[in-house]
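The values are calculated or read from the model by the stated rules, or taken from the named source; none is laboratory data. Note that the structure is predicted; figures quoted are calculated from it, not measured. No Cβ is skipped: glycine too gets one built from the backbone with ideal geometry, and neighbour counts run over all protein chains shown. When the accessible area is computed, the model is the full protein with side chains, heavy atoms only, and any ligands, DNA or RNA have been set aside. Shrake-Rupley method; radii C 1.70, N 1.55, O 1.52, S 1.80 Å.
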Amino acid sequence: MDTEKKKLPIGIENFEKLRKNNFYYVDKTGFIRELLQNPAEVTLFTRPRRFGKSLNMSMLKCFFGMDGDKEIFQGLEIMEEPELCRKYMGKFPVLSLSLKDIDADSFETAFAVAARLVNKEAWDHYYLLGSGKLTQSEKQAFQELLEKDMGKPVFCGSLALLSRLLEKHHGQKVIILIDEYDVPLAKAHAQGYYEEMITLIRSLFHQALKTNSSLQMAVLTGCMRISKESIFTGLNNLNVLTVADVRLDGCFGFTDGEVKSLLEYYGLIDKYGVVKEWYDGYRFGDVDIYCPWDVINYCALLRSDPNARPENYWANSSGNGAVRRFIQEAGNRGTTKREIESLIAGELVTKEIRPEITYPDMYRSIENIWSVLFTTGYLTQRGRGEGRSFRLAIPNLEVRELFITQIMDMFKKDAQQDGEALEALCHALQGGDAKEAQRQLRNYLKKTISIRDTFARKELKENFYHGMLLGLLAFKGNWAVSSNREAGEGYADILAEIDGGDEPMGIVIEVKYARDGNLDAACQEALAQIGKRQYGNVFYDEDIVKVLQYGIAFYKDKCKVLLSEGR
């Protein structure tokens with residue numbers, strides 16, 4: 001690995017730290033110009049998690065704030081705008097809050113965390129206590145923000161009060177930055193104190209953003225666009241830029257050109273196709289976007305292991321509850337089930353998107369879940385339909401793999417609850433009854449979402465059915481089931497050793513996906529492979545003489561089971 005190269009900024013969200021400590025930076029300072037050329041008193045950007053929202057907010061604080069080292073902007077795009085820099089750079093007092101750490105199991109604890117955030121911000125402006133421009137009563141009001149036992153009324157008026165005091169001291173209106181504004185609401189909804197939290201945040205925002213004459217500009221970020229009626233009541237100066245908006249559409253996430261430059265810098269341009277297939281595919285406005293978190297993490301892995309397989313970074317960094325709930329809800333809806341199959345196949349589904357919903361409404365209808373998946377990045381747009389409808393798609397292989405994993409998890413859970421059917425399947429396999437095993441498998445396939453895609457390679461399709469069979473066979477506690485175990489002259493898909501006392505037996509299963517729908521031919525191919533590579537030898541070497549060999553082929557929701565006994 002070339003140690004002379006800049007460090008990859010994994011998890012670095014502090015702009016000044018990134019610029020001063022030799023980290024690679026994808027220049028997003030053009031965001032400042034675009035923001036100022038699209039003026040609004042309050043702007044909300046909604047983007048999925050891990051797309052650079054926090055780093056951009058830190059960049060804004062460094063640019064507009066009166067303190068800090070402005071040399072960190074040298075060589076960046078924004079410095080090509082000298083008049084803009086002269087007018088705005090370092091000219092404003094800035095209040096900056098990140099609400100993403102407000103995660104608690106009770107409202108009281110959540111409020112205490114929120115109060116500490118405001119308390120810390122107040123301490124950052126401790127110099128106000130010595131200001132000759134503030135009255136004694138104003139200093140006493142400020143003193144309350146420095147106290148640890150801040151009450152709710154003081155908290156709700158805190159940003160408005162700080163704005164007024166900062167404007168009076170500096171003679172300049174204030175910029176307010178609020179990052180991940182909706183995280184406290186998501187946590188509160190999950191823990192059962194949503195109404196209390198939304199009342200608190202609504203009051204904070206109302207005083208800071210609506211009735212604040214000291215406000216120059218405010219920028220907020222979040223994942224969800226919460227309805228005005230629930231949190232932004234009466235806020236007529238709010239400009240919302242969602243993932244569908246073409247304004248400032250390339251300011252979050254990496255563009256194709258930015259990814260190519262990064263890969264070229266680290267000598268990884270030969271991995272461009274893999275990176276694009278796995279981590280590109282998001283569409284913000286009119287720009288195709290990669291997930292930065294994924295690209296940076298995979299590049300770091302490749303620098304250590306040039307042959308490393310892509311991993312699920314973004315999808316594994318959260319609970320993925322929306323996808324889980326979506327698949328659960330689809331189980332009882334034939335139309336939605338077919339739509340999920342189409343999405344996994346790489347096809348498009350047209351749906352009306354509801355941009356403004358509340359957390360309690362997220363899962364109240366399947367239509368709302370479509371909107372949640374779109375907003376949070378699990379689905380992306382491939383064009384507009386009529387009105388508020390979009391042509392939706394799964395963005396890339398990473399997210400597609402997540403969908404399949406969730407489908408498999410649900411399938412295994414449901415299958416384990418049907419002990420009678422599982423017993424019948426295992427009894428058929430143990431007894432050499434291929435037709436009955438085939439019948440039982442077909443029944444299971446009818447109950448789950450099938451992988452019938454052109455989007456995936458053949459081996460990925462086989463992996464899905466392979467995993468499904470493993471989940472079913474795990475039902476038998478006295479079966480020692482292994483996957484991809486070395487056997488004979490290769491690796492068998494599935495081996496099952498059955499403890500039968502004096503007469504143990506072994507089962508070998510090779511799984512094939514019949515791409516052309518010819519199940520018989522695929523089964524014969526599977527059996528031929530078992531014989532040629534002598535997978536059964538793993539049992540014969542242990543003096544297990546009864547071995548059943550199965551070739552099992554799948555195609556969409558159909559399957560074929562053929563049996564060949566060993567020696």
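Among the trypsin sites (Lys or Arg not before Pro) in the range 43-146, those placed in a DSSP loop whose Cβ has at most 13 other Cβ atoms within 10 Å are 133.
Per residue, the solvent-accessible area of the range 33-185 (1.4 Å probe, heavy atoms of protein chains only, all protein chains present) comes to 43 Å². Gain on full extension, evaluated as 0.36 nm per residue between residue 246 and residue 365 minus their Cα-Cα distance, stands at 40.0 nm. Of all the accessible heavy-atom surface of the range 277-324, with the other protein chains kept in place and a 1.4 Å probe, what percent is carbon and sulfur? Answer for the range 277-324: carbon and sulfur cover 43 percent of the accessible area.
According to the Kirkwood relation over distinct C-alpha pairs, the hydrodynamic radius of the range 56-212 is 16.8 Å.
Pairs of Lys residues in the range 126-257 are counted when their Cα atoms are under 17 angstrom apart and they lie 8 or more places apart or on different chains; the count is 6.
Modelled label positions at residue 37 and residue 384, each set 7 Å beyond Cα in the direction of Cβ, lie 2.1 nm from each other.
Rolling a 1.4 Å probe across the protein heavy atoms gives the range 480-554 an accessible surface of 46 Å² per residue. Which loop-located GluC sites (Glu not before Pro) does the range 316-390 contain, where loop means any DSSP state but H, G, I, E or B and the Cβ has at most 10 other Cβ atoms within 10 Å? Counting only loop positions with at most 10 other Cβ atoms within 10 Å, the GluC sites (Glu not before Pro) in the range 316-390 are 386. Here residue 28 is the anchor, and the lysines within straight C-alpha reach of less than 18 Å, apart from those fewer than 8 places off in the same chain, are 6, 7, 17, 20, 53, 61, 70, 260.
Ligands, DNA and RNA excluded, the heavy atoms of residue 67 present near 110 Å² of accessible surface to a 1.4 Å solvent probe.
Given R0 = 30 Å, the distance between the Cβ atoms of residue 149 and residue 195 translates into a calculated FRET efficiency of 0.80. With 5 Å bins beginning at zero, the pair-distance distribution over Cα atoms of the range 296-399 amounts to 2, 11, 20, 22, 18, 11, 7, 5, 3, 0 %. For the range 427-567, the tally of Lys pairs with Cα-Cα distances below 16 Å comes to 18, considering only residues 8 or more apart or on different chains. Ranking 484, 114, 154 by Cα position along the charge dipole of the chain, where only Lys, Arg, Asp and Glu carry charges on their C-beta atoms, puts 154 farthest toward the positive end.
Estimated at 0.36 nm per residue, the fully extended path between residue 260 and residue 303 surpasses their Cα-Cα distance by 13.9 nm.
For the range 403-559, with the dipole built from +1 on Lys and Arg beta-carbon atoms and -1 on Asp and Glu ones, taken about the Cα centre, which of 471, 448, 432 lies farthest toward the positive end? So the residue we want is 448.
For the range 46-167, the Cβ-based charge dipole about the Cα centre amounts to some 200 debye (Lys, Arg positive; Asp, Glu negative; other atoms uncharged). With the charge dipole of the range 149-289 set up from +1 on Lys and Arg Cβ and -1 on Asp and Glu Cβ about the Cα centre, the Cα lying farthest toward the positive end among the listed residues 252, 238, 163 is that of 163.
A straight chain from residue 541 to residue 140 at 0.36 nm per residue would run longer than the Cα-Cα distance by 135.9 nm. Helix 194-205 versus the longest principal axis of the chain: what angle, 0 to 90°, nearest 10, using Cα atoms? In the chain, helix 194-205 runs at an angle near 40 degrees to the longest axis. For the range 1-135, carbon and sulfur atoms together expose 48% of the accessible surface, with a 1.4 angstrom probe and every protein chain in place. What angle do you read, to the nearest 10 degrees and between 0 and 90, between the alpha-carbon axis of helix 434-447 and the longest principal axis of the chain? Its long axis makes an angle of about 20 degrees.
Hey, what angle do you get for helix 53-64 against the long axis of the chain, alpha-carbon based, 0 to 90 degrees rounded to 10? Around 20 degrees separate the two axes. Taking all protein chains into account, the per residue accessible area for the range 287-413 stands at 39 Å² (1.4 Å probe).
Scalar couplings 3J(HN,Hα) for the range 525-535, obtained by applying the Karplus form with A = 6.51, B = -1.76, C = 1.60 to θ = phi - 60°, are 4, 5, 5, 4, 5, 4, x, 5, 8, 6, 4 Hz; x denotes Gly and Pro.
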